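K.L.:
Here it is: the structure, laid out below.
The values are calculated or read from the model by the stated rules, or taken from the named source; none is laboratory data. Treat the numbers as computed from the prediction; the structure is a model and nothing was measured. Neighbour counts are summed over all protein chains in view; Cβ atoms, including those assigned to glycine, are modelled from backbone coordinates with ideal geometry.
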Amino acid sequence: MKPRGGYNVNLIGGPSGVVEKLSPPEKLCIPLHSRHLKFSELRVADGDSVSSGQTLAVDPEAFSVPLLAPCGGTAGLSRLDGHIVIENLNCPPDPAPDPELPTHVPYDSGQAAEKRRKLLELGAWQFVSNARTHQVADPDGTPSAVIVSTVHLEPFVARGSAICTGSINELVRGLEHLQSLLEYQAIHLVLPNVKLELAQDIQKTIRGHAWLKLSEVPLQMRYPFDNQTLLARHLGLFTEGDETVWFIPAAGVIAFDRALTLNRPCTSRIISLAGPVVKDPLHLEVPVGYPIDKIIAGRLTQDDNVRVVNGGILTGTQITEDQAGIDTECSGLTVLETPTVREMFGWLRLGCDRRSFSKCFTSTLKKAFGENLSTSLRGERRPCVACGQCVTVCPAGIMPNAIHKYLFSDELEQAQRLRTDLCAECGLCSYICPSKIDLYDELVRAKVRIAEELGPPAEEPEEQAAQENQEEDVA
Amino acid sequence: MKFLANLLDKARPTFQKGGSLSALKPLFDAIDAFMFNPLTQSKLAPHARDPLDVKRYMSMVIIALIPCTMASFYFFGWRMLPMIMVSYMAGGAVEVAFAVIRKEEINEGFLVTGLLFPLILPPGLPLWMVAVGVMFGVLVGKEIFGGTGRNLFNPALVGRCFLLLSYGGEMGGAWIEPGGGWFGRLGQYAETSVDAVSQATPLYDAAAEIPKFAPLSDLFYGNVLGCAGETSALALILGGVLLLIFGVASWRTVIPLLVGFGVMTVVLVGGDMQLVVWHYLAGGLLLGAFFMATDPVSSPMTNGGKFVYGALIGIATALIRLKTPLFEGMMFAILTGNMFAPIIDEVFIAMHVRGLRNEK
């Protein structure tokens, strides 16, 4: 299937390639839930002393994915709602990398089950997701294909290049470990433009290892073509409708190497700290649970009237007082200004400084440029005027405006017929809607409702065939 | 500017819940938002949004209408000003009344209807008729369906259709002889009782037993009798192309419409290409093609549907013009197209869904 739709939202404040390692904080506040995981089964008691890498809690609904303690210390369960707080920290520094470490690992498919268990216990498995549902993949399952992506296109989550640069050997060893978990399936390695240094470095290191069944996928750098569901569809991996495709980001493959080569738990994340109000946008290596206020303190151009977003601006969630530390799935913090000044006759201006998907501003005559975006809705909520921009931008090829119409009149069956299930949850339809309709939220909710209330769609061709057979029988 | 902002801030409590004028909150909010960008923030992801809003989207149509509005002032004089003002005020009153009753916001779609409506009327029409027409159009064409975004028909055309059927005599006898020279009628104010003529428009002449065709150049520049904004093909093409560039009007409607009209005209009048061009420039075809048929709300939402819809309107216009006693067909053709739009959409949505059947 050919990629379609998509749009690159340009805004200023993209993170630089610098990865800064933060010194250990005074305490860690580890949230017990993140986007897809809910660590409801606690494994420690209040006041317990924990060691680095110990399991604090597991998610019973996601194959017991563990929440690991990044540092040793005293666990506090009642300090902060929904968090495990670790105090009196004792963070052992990572030993210097062993120069003797081989660049490649030999092919060994013998202990696949044990390796998978080890990955799960050391916190590397949570990176492996089912490309269709975005949930953590079954560690005992057999995928029909695996996609590894080194590209993150949403502004501004941690860039793939920042994660991979300096860890090329780890990435390649991780790929080899991954291959030894599989039987015959190919790994689709998604690379940015093949001419980039990063892509060439990866290719150079991989070359000559014939047992690594890699197929390189150069990606068209337009958001959201890095989306796991869309990648699987574009690569033609979804044909029957029930295949399991694993998706692993580069950070996950590097975590594989850490767990299987070094036997170390994966408790730190490389996140981005970016956005128009961040002084020097960059990447940070932080342990899970690092207090968010400590991360942003002193790094913003203004302290008031800002919104901190967990993830990118298109699909991230606003960080409220309920979340004090970095969660285990965090890929970046984006900080946006909340507007306080009302612009006079803003809608009448020529709009040289406004970058728009439409061609209604004079900025159309300029080359692409970064815009200083805030959390402003930039307009008022109105009924749909059927401008059709959401259909043009939709990478999944569905019609958000038509689905909105049916959902407005609560016709869930019609929304199902229009293939709401194909929505890749990229958020572009909401971003460009001139009527400021929250299409993204509506579609995501509708998907859940359709799955719960209506179940899988009826197989029309078979029904028709059955009817025809019946008619023939009657005749 | 600070003064204005302060004034609005001071007046705000009066219109809020519990204030003495709280019923008029939609009107206050509209004025407030018209002057200053509201501070509304995104509550859900995506956290930042594209700068385009409905106000901007609709004002692009107004920008594209500037050339033909200016042409109408040049050819028919200052009378256009009260016509436009009456149209905005009378139609706006209906819009505000409905917003107040429904406790909803005032929609920007009216900004377009209010300007388009006088442009498709004979320039000598009594002002009270302009008021009655626009009120009927907004009420029946839009508000009873639920307001902008939910209407089935183009409100301006509903209003004009109502005037034509109810006051046919006045509609056919309120033409004004277009001005010429450097300033046209720019210095004049045409009086309905004095300047209005019931002479024949070019299309009427062309449909007479002994056809008489106005010169092509007159049609192109607009120096003929006709509805205020419809006469100058030059101004309409200029504005229409702008609207296509802005992406507010869809080429998927305009091009099939013009092609369909051309093909049907060739079929009906034979291979006289000059006559075909004449028909392109005469009457309301261009204004309808660029500004009326492309109304996103009342046209199909599917891209394929827009092609069929455009072609249907083009063909219907040629048929009505050349094969029925009505010598101008654009209005009825578009209203017919509006009627078919939901059905066309149904077909194309079904095809779209069928195209997705292999995607899992």
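K.L.:
Read through the list (1) crowded, with 24+ Cβ neighbours inside 10 Å; (2) closer than 12 Å to B:Thr253 by Cα, then give the number of the only condition that B:Met330 fails.
P.N.:
Of everything listed in (1) crowded, with 24+ Cβ neighbours inside 10 Å; (2) closer than 12 Å to B:Thr253 by Cα, B:Met330 misses just condition (2).
K.L.:
Out of segment B:44-89, which residues are of a type in the set (Lys, Arg), within 14 Å of another protein chain (Cβ to nearest Cβ) and touching a Ser or Thr at 6+ places or on another chain (Cβ under 9 Å)? Full working, then the answer.
P.N.:
Let us first name the residues in segment B:44-89 that are of a type in the set (Lys, Arg), namely B:49, B:55-56, B:79.
Next, from what is left, pick out any that are within 14 Å of another protein chain (Cβ to nearest Cβ): B:49, B:55-56.
Correct list: B:Arg49, B:Arg56.
K.L.:
Could you tell me which residue of segment B:118-152 is nearest to B:Glu177 (Cα to Cα), considering only residues that are touching a helix residue (DSSP H, G or I) at 6+ places or on another chain (Cβ under 8 Å) and small (Gly, Ala, Ser)?
P.N.:
B:Gly124
K.L.:
Quick one: which strands (runs of 3 or more DSSP E) sit completely within segment A:257-333 and have at least 2 residues that are farther than 18 Å from A:Ser23 by Cβ? Even if it seems obvious, please write down each step before you answer.
P.N.:
Details: elements: A:268-274, A:282-287, A:306-310.
Ranges flagged: A:268-274, A:306-310.
K.L.:
Now for a different question. Looking at segment A:4-24, can you tell me whether even one residue there is buried (at least 21 other Cβ atoms within 10 Å of the Cβ) and farther than 30 Å from A:Lys366 by Cβ?
P.N.:
no
K.L.:
Turning to a different aspect of this structure: Can we say A:Ala162 is of a type in the set (A, V, I, L, M) and in contact with a His (Cβ under 8 Å, 6 or more places away or on another chain)?
P.N.:
Working: of a type in the set (A, V, I, L, M): yes; in contact with a His (Cβ under 8 Å, 6 or more places away or on another chain): yes.
Spelling it out, A:Ala162 is indeed of a type in the set (A, V, I, L, M) and in contact with a His (Cβ under 8 Å, 6 or more places away or on another chain).
K.L.:
Something else now. Give just the number: which of (1) more than 25 Å from B:Gly159 (Cβ to Cβ); (2) within 14 Å of another protein chain (Cβ to nearest Cβ); (3) at pLDDT 95 or above does B:Val308 not satisfy?
P.N.:
That leaves (2) as the condition not met.
K.L.:
Does segment A:200-211 contain any residue that is touching a strand residue (DSSP E or B) at 6+ places or on another chain (Cβ under 9 Å) and crowded, with 21+ Cβ neighbours inside 10 Å?
P.N.:
Here is the first cut: in segment A:200-211, the ones touching a strand residue (DSSP E or B) at 6+ places or on another chain (Cβ under 9 Å) are A:202-203, A:206.
Subset that is crowded, with 21+ Cβ neighbours inside 10 Å: A:202.
The answer is yes; a qualifying residue exists.
K.L.:
On to the next question. From (1) facing chain B (nearest Cβ under 9 Å); (2) within 18 Å of B:Phe34 (Cα to Cα), pick out the condition that doesn't hold for A:Phe357.
P.N.:
Going through (1) facing chain B (nearest Cβ under 9 Å); (2) within 18 Å of B:Phe34 (Cα to Cα) one by one, A:Phe357 breaks only (2).
K.L.:
Continuing with this model, one more query. Hey, among A:Leu231, A:Leu273, which residue is within 18 Å of A:Gly316 (Cβ to Cβ), modelled with pLDDT of 90 or more and buried (at least 23 other Cβ atoms within 10 Å of the Cβ)? Don't jump to the end; show me each part of the working.
P.N.:
On the way: A:Leu231 fails: within 18 Å of A:Gly316 (Cβ to Cβ).
The match here is A:Leu273.
K.L.:
Also, I was wondering about something else. For B:Val132, work out the one condition from (1) away from chain A (no Cβ under 14 Å); (2) within 26 Å of B:Leu281 (Cβ to Cβ) it doesn't fulfil.
P.N.:
Tallying (1) away from chain A (no Cβ under 14 Å); (2) within 26 Å of B:Leu281 (Cβ to Cβ), B:Val132 fails exactly one: (2).
K.L.:
Within segment A:1-48, track down each residue that is at pLDDT below 90, under 30 Å from A:Phe238 (Cα atoms) and of a type in the set (A, V, I, L, M).
P.N.:
If the condition is that a residue be at pLDDT below 90, under 30 Å from A:Phe238 (Cα atoms) and of a type in the set (A, V, I, L, M), then A:Met1 is the only one that fits.
K.L.:
Among the candidates B:Leu216, B:Leu242, B:Leu268, B:Leu236, single out the residue that is touching a residue at least 60 places away in the same chain (Cβ under 8 Å) and surrounded by fewer than 19 Cβ atoms within 10 Å (Cβ to Cβ).
P.N.:
Details: B:Leu242 fails: surrounded by fewer than 19 Cβ atoms within 10 Å (Cβ to Cβ); B:Leu268 fails: touching a residue at least 60 places away in the same chain (Cβ under 8 Å); B:Leu236 fails: surrounded by fewer than 19 Cβ atoms within 10 Å (Cβ to Cβ).
Residue meeting the stated conditions: B:Leu216.
K.L.:
Also, quick follow-up: Take the residues in segment B:103-130 that are part of a helix (DSSP H, G or I) and over 16 Å from the mean Cα position of the chain (by Cα), then tell me which one is nearest to B:Gly77 (Cα to Cα).
P.N.:
Within segment B:103-130, the subset part of a helix (DSSP H, G or I) is B:109-119, B:127-130.
Filter once more, keeping what is over 16 Å from the mean Cα position of the chain (by Cα): B:127-129.
On the way: B:Leu127: 15, B:Trp128: 19, B:Met129: 19 Å.
Selected residue: B:Leu127.
K.L.:
On to the next question. Determine the pairs where a residue that is over 14 Å from B:Val86 (Cα atoms), located within segment B:134-145, has a partner that is of a type in the set (Phe, Trp, Tyr) and surrounded by fewer than 24 Cβ atoms within 10 Å (Cβ to Cβ) with Cβ atoms under 6 Å apart, the partner being 6 or more residues away or on another chain.
P.N.:
Cβ pairs passing all conditions: B:Gly141/B:Phe153; B:Glu143/B:Phe98.
K.L.:
Which pairs have Cβ atoms under 8 Å, sit 6 or more apart or on different chains, and link a residue in segment A:384-411 that is more than 8 Å from chain B (Cβ to nearest Cβ) to one that is of a type in the set (Asp, Glu)?
P.N.:
Partner pairs satisfying both residue conditions: A:Ile403/A:Glu442; A:His404/A:Glu442; A:Leu407/A:Glu442.
K.L.:
From the list B:Phe15, B:Phe3, which one is among the aromatic types (Phe, Trp, Tyr), more than 27 Å from B:Ser232 (Cα to Cα) and within 14 Å of chain A (Cβ to nearest Cβ)? Before you say what the answer is, go through the steps one by one.
P.N.:
Numbers: B:Phe15 fails: within 14 Å of chain A (Cβ to nearest Cβ).
On inspection, the qualifying residue turns out to be B:Phe3.
K.L.:
Read through the list (1) among the hydroxyl-bearing types (Ser, Thr, Tyr); (2) assigned to a helix (DSSP H, G or I); (3) touching a strand residue (DSSP E or B) at 6+ places or on another chain (Cβ under 7 Å), then give the number of the only condition that A:Thr392 fails.
P.N.:
(3)
K.L.:
Right, something else. Just checking, how many residues over segment A:321-338 are over 28 Å from A:Asp226 (Cα atoms) and either within 14 Å of chain B (Cβ to nearest Cβ) or aliphatic (A, V, I, L, M) (or both)?
P.N.:
Residues that pass the stated criteria total 2.
K.L.:
Hey, does segment B:304-327 have a residue that's more than 30 Å from B:Pro118 (Cα to Cα) and either outside any loop (DSSP other than H, G, I, E, B) or touching a residue at least 40 places away in the same chain (Cβ under 8 Å) (or both)? If you could, list the steps in order and put the result at the bottom.
P.N.:
Filtering segment B:304-327 down to residues more than 30 Å from B:Pro118 (Cα to Cα) leaves B:304.
Narrowing further to those that are either outside any loop (DSSP other than H, G, I, E, B) or touching a residue at least 40 places away in the same chain (Cβ under 8 Å) (or both): B:304.
Taking every residue of segment B:304-327 in turn, at least one turns out to be more than 30 Å from B:Pro118 (Cα to Cα) and either outside any loop (DSSP other than H, G, I, E, B) or touching a residue at least 40 places away in the same chain (Cβ under 8 Å) (or both).
Yes/no matrix, rows are residues, columns are (1) among the small types (Gly, Ala, Ser); (2) within 14 Å of the chain's Cα centre (by Cα):
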site: A:Phe156; (1), (2): no, yes
site: A:Leu171; (1), (2): no, no
site: A:Ser180; (1), (2): yes, no
site: A:Ala186; (1), (2): yes, no
site: A:Leu189; (1), (2): no, no
site: A:Pro192; (1), (2): no, no
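K.L.:
While we're on this one: Looking at A:Val278, A:Val306, A:Val341, which is the one that is of a type in the set (Val, Ile, Thr) and away from chain B (no Cβ under 14 Å)? So that I can check it myself, show each step before the final result.
P.N.:
Numbers: A:Val306 fails: away from chain B (no Cβ under 14 Å); A:Val341 fails: away from chain B (no Cβ under 14 Å).
The unique qualifying residue is A:Val278.
K.L.:
Do the conditions hold for A:Thr362, that is, is it of a type outside the set (A, V, I, L, M, F, W, C), within 25 Å of the chain's Cα centre (by Cα) and more than 7 Å from every other protein chain (Cβ to nearest Cβ)?
P.N.:
Judged against the criteria, A:Thr362 is not a match.
K.L.:
Residues in segment A:97-105: is at least one free of Cβ contacts under 8 Å to residues at least 24 places away in the same chain, within 21 Å of A:Pro24 (Cβ to Cβ) and surrounded by 17 or more Cβ atoms within 10 Å (Cβ to Cβ)?
P.N.:
Among the residues of segment A:97-105, not one is free of Cβ contacts under 8 Å to residues at least 24 places away in the same chain, within 21 Å of A:Pro24 (Cβ to Cβ) and surrounded by 17 or more Cβ atoms within 10 Å (Cβ to Cβ), which makes the answer no.
K.L.:
Within segment A:63-92, can you find the residues that are farther than 12 Å from A:Gly289 by Cβ and aliphatic (A, V, I, L, M)?
P.N.:
A:Val65, A:Leu77
K.L.:
Can you tell which of A:Pro192, A:Pro249 is in contact with a helix residue (DSSP H, G or I) (Cβ under 7 Å, 6 or more places away or on another chain) and modelled with pLDDT of 90 or more? Walk me through how you get there before you give the answer.
P.N.:
Values: A:Pro192 fails: modelled with pLDDT of 90 or more.
When all the criteria are applied, what remains is A:Pro249.
K.L.:
Select from segment B:279-326 the residues that are charged (D, E, K, R) and surrounded by fewer than 24 Cβ atoms within 10 Å (Cβ to Cβ) and list them in ascending order.
P.N.:
In the first step, residues of segment B:279-326 are kept if they are charged (D, E, K, R); the result is B:295, B:306, B:321, B:323.
Scanning segment B:279-326 gives a single hit, B:Lys323.
K.L.:
So, one more: Conditions first: (1) within 14 Å of chain B (Cβ to nearest Cβ); (2) part of a strand (DSSP E or B); (3) polar (S, T, N, Q). A:Thr229 passes all but one, so which condition is the exception?
P.N.:
Unmet condition: (2).
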